[in-house]
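Q: Okay, handing you the structure first.
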Amino acid sequence: MKAFSAGLALAILAIGVVDAAALDRRVRINNRSSYDIVEFYASNTGTRSWEEDILGRNILPSGSSVVINIDDGSGYCKYDFLAVFEDGDEVVSNDNNVCELSDFNFTD
């Protein structure tokens, strides 16, 4: 009976655990600043360099939003963000949990 109880407890525990690879990493980036965002980067906190510019040739105008799937295939949930604004200012936000975060705001 003891072995059955332990097996049942493990099965219940396994059902309650969410696989990190299955988590939603889509984040709405809101530009609530006075300037257009001309570059946006998101790199998992385990890297020492920025990945490619997610916006590419596009910009994120002041007052606009975009939904970005921030998933590099690593299984990470923690990412650092870098926004480069049209006036050359750069804003870095570290340690954002994109598995739990649904909106992120850049403001003045």
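Q: Return the total of residues in region 22-48 being among the charged types (D, E, K, R), part of a loop (DSSP other than H, G, I, E, B), in contact (Cβ under 8 Å) with a residue 24 or more places away in the chain and more than 19 Å from D87 (Cα to Cα). Break it down into steps so the answer makes sense when it comes.
A: Of region 22-48, the ones among the charged types (D, E, K, R) are 24-26, 28, 32, 36, 39, 48.
Okay, now just the ones that are also part of a loop (DSSP other than H, G, I, E, B), so 24-25, 36, 48.
So of that shortlist, the ones also in contact (Cβ under 8 Å) with a residue 24 or more places away in the chain come out as 24-25, 36.
Filter once more, so that each one left must be more than 19 Å from D87 (Cα to Cα): 24-25.
Counting residues in region 22-48 that are among the charged types (D, E, K, R), part of a loop (DSSP other than H, G, I, E, B), in contact (Cβ under 8 Å) with a residue 24 or more places away in the chain and more than 19 Å from D87 (Cα to Cα) gives 2.
Q: Under 6 Å between Cβ atoms, at least 6 apart or on separate chains: pull out the pairs that start in region 80-108 with a residue that is surrounded by 10 or more Cβ atoms within 10 Å (Cβ to Cβ) and end on any residue that is of a type in the set (G, A, S) and in a strand (DSSP E or B).
A: Short answer, once both residue conditions are applied: D80/S43; F81/A42; F81/S93; V91/A83; F106/A83.
Q: Something else: Tell me, yes or no, whether region 74-95 has at least one residue that is part of a loop (DSSP other than H, G, I, E, B), under 16 Å from the mean Cα position of the chain (by Cα) and among the acidic types (D, E). First the steps, then the outcome.
A: Looking only at region 74-95, we keep the residues that are part of a loop (DSSP other than H, G, I, E, B), and these are 74-77, 86-89.
From the residues that got through so far, the ones that are under 16 Å from the mean Cα position of the chain (by Cα) too are 74-77.
Among the residues that remain, those that are also among the acidic types (D, E) are: none.
No, region 74-95 has no match at all.
Q: Any chance you could count how many residues in region 71-92 are within 17 Å of R26 (Cβ to Cβ) and either modelled with pLDDT under 95 or out of contact with any Asp or Glu (no Cβ under 7 Å at 6 or more places or on another chain) (or both)? Spell out the reasoning first.
A: So in region 71-92, the residues within 17 Å of R26 (Cβ to Cβ) come out as 71-79, 81.
The next check asks that each one be either modelled with pLDDT under 95 or out of contact with any Asp or Glu (no Cβ under 7 Å at 6 or more places or on another chain) (or both); those that pass are 71-77, 79, 81.
The qualifying residues number 9.
The values are calculated or read from the model by the stated rules, or taken from the named source; none is laboratory data. Everything quoted here is computed from the prediction, not taken from an experiment. Neighbour counts run over all protein chains shown; Cβ positions are idealised from the backbone, glycine included.
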